[in-house]
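Just so it is clear, none of the values below were taken in a lab; they were calculated from the coordinates. Just so you know, these numbers come straight off a predicted model, no measurement behind them. Reconstructed Cβ throughout: ideal geometry from the backbone, glycine too, with neighbour counts over all protein chains shown.
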Amino acid sequence: MSRRVFRSRAPLALALGAALAAPQALTAPVSAAGQYSVTALKFTVQAGGRRCAIDADLYRPAGVDSSHRAPAVLATNGFGGSKSDGTTDAVGKALAARGYVSLIYSGLGFGRSGCLISLDDPGIDGTAASRLIDFLGGKRAADDGTRADFVTLDGTGDPRVGMIGGSYGGAIQLATAAVDHRVDALIPLITWNDLAYALDPNNAGGTVPGAFKWQWTNGFYLLGEGQTLTQPNLDPSRINSLTCLHFVTRACATIRTLNSGSYRPGPTAAMLAYAHSVSPASYLHRVQAPTLLIQGQADSLFNLNEATATYKTLKSQGTPAAMIWQSWGHSGGMVNGELNLVQGNLDTSYVGRRIMSWFDHYLRRQHTDTGPAFAYYRDWITDPGHAYATADHLPALNRKLYLSGDGKLVDNSKKVALGSRTYANRLTPTSHSETSLAALGGLPDPAPFDTEGTYLAWTSEPLARTTDVVGAPRATLRVDSPQAAKAQDSDNAADRLVLFAKLYDVAPDGTRTLVHRLIAPVRVPDVTKSFTVSLPGIVHRYQKGHRLQFVIAASDDAYFGNRGIKVVTVASAPGNTGMLELPVLGG
């Protein structure tokens, strides 16, 4: 049975935050600005070889009918959520209040939707979303016979439709657009480009696996597998097996390989192949829909490099794209004035206005300005109305600093002192960047630290002027480790050297700040050769008098690290030393 209620846009905060009221009589919508009806719908689709029930809510603006059509927006939840969680249903309410037909649904394996969790697989989750687009285009009905004959069409069965959502609800957009070119606009927030990099990052690149991000990964895995306890009487289509309850089998196999701490050739190749197959990096070449990427600076799960990789790929192939680096992400970082979908501040926040301009331009076909190619939030600006800076391209690496043998970070290679320094890991982690999920749970987290003898640091002189870094720093390193060199003969990549690179801001009083607690895990491809490390992107102001400090550490307790003790030496000499490159505004 459908449930239908009517909402008023005023007051907006109340409308967005209130629970749905009891069912009312099924009457025609009232033609008043900001009002809409909500109808619960079920769809049965074929996806991944299973029949899946999809639980959805249709938000229909007042006055929209077959004679007065409106474009549509499709959205689904982040991992562990549903159509009814505070953020997902807020999207439906906010967009319906602005005249968009909104179809909000629980993703496969979540809420009251059926089937297994398949990590936004284009062939499964993308195909299921495409069947919902069929409904919006009038090609099929909901299970109760409801048809959508009120959505703007670009052709028979081709609805004018965009998508929006965050994290798990962000990657599904790219997966859907890859299999269904009827999608007209995408707005993915805080999502991934390559799941292999997100869960097992190697910031030195190449084909060697990285350092397992065990806290984040297992937190989400347990959230998915624990649904038997949190949601009784699950649809049978959501049960896989006793050893892999709610995920597709290949997802469970990937988690087990990562948790094993081993990177044997066969299982590792299978793991990487699967992670890539459910990653936009493998199918972006099929995405044609104009895409506004929104990524969070405070995000150690999916950092700014993920959105940057997607953005560069889309732009290189001619797909219209823009990118915003907002304040908040999976690690927290929400500040007043920033986009808050639960509050419904689409009209008053910078990111909210960009979202509406994107949809108005590509869905309503209005001549609205979609904004600059690149925008980024600056936490040192106190006025929310001026916190964002914009540019027509990403900042370039334009400042070089050199790793001197005496532990200094110098601005000229001729200033490098001859010398070498050594560190070694211990059998337990000795450095701390963050406790993953602590920020989301509102839990305290110790400040980042490194233990003496298990890391090396290079520190600059106090800065003569304020320095703004916007983008991903890059380091070129050469290390010496006899134990690691010998281990490279093993066919198990887990035996290779692991280190963690990071950049601190050191205040005049010695206080060290690890910006947004971000680090760059590295499994060194070959310790007999130099290698390049791409650090996570940041937007940070180093105040005059502060010092930059570059660190490589032997471990981090949020990641799996070295197997066995490995002594590491870094030598420096004029004309032959490591280098740190920074994207500094104004050169």
(message) Suppose the chain between Thr390 and Ala141 were pulled fully straight at 0.36 nm per residue; how much longer would it get relative to their current alpha carbon spacing?
(response) 85.2 nm
(message) Can you pull out the trypsin sites (Lys or Arg not before Pro) in segment 380-487 whose DSSP state is coil and whose Cβ has at most 14 other Cβ atoms within 10 Å?
(response) Arg426, Arg465
(message) Apply the Karplus curve 6.51 cos²θ - 1.76 cosθ + 1.60, θ = phi - 60°, to the phi angles in segment 410-425 and return the couplings in whole Hz, x for Gly and Pro.
(response) 10, 9, 8, 4, 6, 8, 5, 8, 5, x, 9, 9, 9, 9, 8, 7
(request) Report, in deg cm²/dmol and to the nearest 500, the calculated mean residue ellipticity at 222 nm for the chain, where each DSSP H run with n ≥ 4 adds -39500 (n - 2.57) and the sum is divided by the residue count. (result) -6000 deg cm²/dmol
(request) Return the long-range amide H neighbours of Val73 (sequence gap of 5 or more, or a different chain), with a cut-off of under 5 Å between placed amide H atoms. (result) Val101, Ser102, Leu103, Gly162
(message) Test of understanding: ordering Arg563, Arg238 by Cβ neighbours within 10 Å, fewest first, what list do you get?
(response) Arg563, Arg238
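Calculate the FRET efficiency for Asp235 and Ala447 from the Cβ-Cβ distance with a Förster distance of 45 Å, rounded to the nearest 0.05.
Between Asp235 and Ala447 the formula returns 0.50.
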(message) Angle check, please: helix 304-316 long axis (alpha carbons) against the longest principal axis of the chain (alpha carbons), in degrees 0 to 90, nearest 10.
(response) 70 degrees
(request) Please tell me the relative contact order of the chain in percent, rounded to the nearest whole number, where contacts are Cα pairs under 8 Å and at least six residues apart. (result) 13 percent
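How high is the FRET efficiency from Arg256 to Ser84, r the C-beta distance, R0 41 Å, rounded to 0.05?
0.80
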(message) Given points 7 Å out from each Cα along the Cα-Cβ axis, report the Asn336 to Lys544 separation in nanometres with one decimal.
(response) 2.9 nm
(message) If I histogram all Cα-Cα distances within segment 415-463 using bins 10 Å wide from 0, what percent of pairs lands in each bin?
(response) 18, 34, 30, 14, 4
(request) List the relative contact order of segment 399-582 as a percent without decimals, with contacts defined as Cα pairs under 8 Å and 6+ residues apart. (result) 39 percent
(request) Rounded to whole Hz and in sequence order, give me ³J(HN,Hα) for segment 326-340 from the Karplus expression 6.51 cos²θ - 1.76 cosθ + 1.60, θ = phi - 60°, writing x for Gly and Pro. (result) 7, 6, 9, x, 5, 8, x, x, 5, 10, 4, x, 7, 3, 9
(message) Along the Cα→Cβ direction, 7 angstrom out, place labels at Arg478 and Arg426. What is the inter-label distance in nm?
(response) 3.2 nm
(message) Over 5 Å intervals from 0, what percent of Cα-Cα pairs in segment 444-497 sits in each interval?
(response) 4, 10, 11, 15, 19, 16, 11, 7, 4, 1
(request) Working from the alpha-carbon coordinates of the chain, get Rg over Rh, Rh being the Kirkwood radius. (result) 1.00
(message) Give me the extension gain from Ser67 to Asn576: residue separation times 0.36 nm, minus the current Cα-Cα distance, reported in nm with one decimal.
(response) 176.0 nm
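Would you mind classifying segment 399-582 by shape? Square roots of the alpha carbon gyration tensor eigenvalues, ordered a ≥ b ≥ c; an a/c under 1.5 is rounded, otherwise it is prolate if a/b is larger than b/c and oblate if not. Write out the running numbers ahead of the final one.
Values: a/c = 1.86, a/b = 1.11, b/c = 1.66.
Oblate is the answer for segment 399-582, as a/c is 1.5 or above yet b/c matches or exceeds a/b.
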(request) Please report the Cα spread of segment 330-381 along all three principal axes, rounded to whole Å, starting with the longest. (result) 35, 24, 19
(request) Working from the alpha-carbon coordinates of segment 428-528, get Rg over Rh, Rh being the Kirkwood radius. (result) 1.01
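From the mean inverse distance of alpha carbon pairs (Kirkwood) and the Cα radius of gyration, derive Rg over Rh for segment 212-277. Could you put the intermediate results ahead of the total?
On the way: Rg = 13.0 Å, Rh = 12.8 Å.
Using Cα coordinates only, the ratio equals 1.01.
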(request) Using the 2.2 N^0.38 Å rule of thumb for compact globular proteins, work out how segment 173-288 stacks up: its C-alpha Rg over that value, please. (result) 1.19
(message) Taking θ = phi - 60°, what integer Hz values does the Karplus form 6.51 cos²θ - 1.76 cosθ + 1.60 yield along segment 95-110, in sequence order, with x for Gly and Pro?
(response) 6, 5, 5, 9, x, 9, 5, 10, 10, 10, 9, 7, x, 4, x, 10
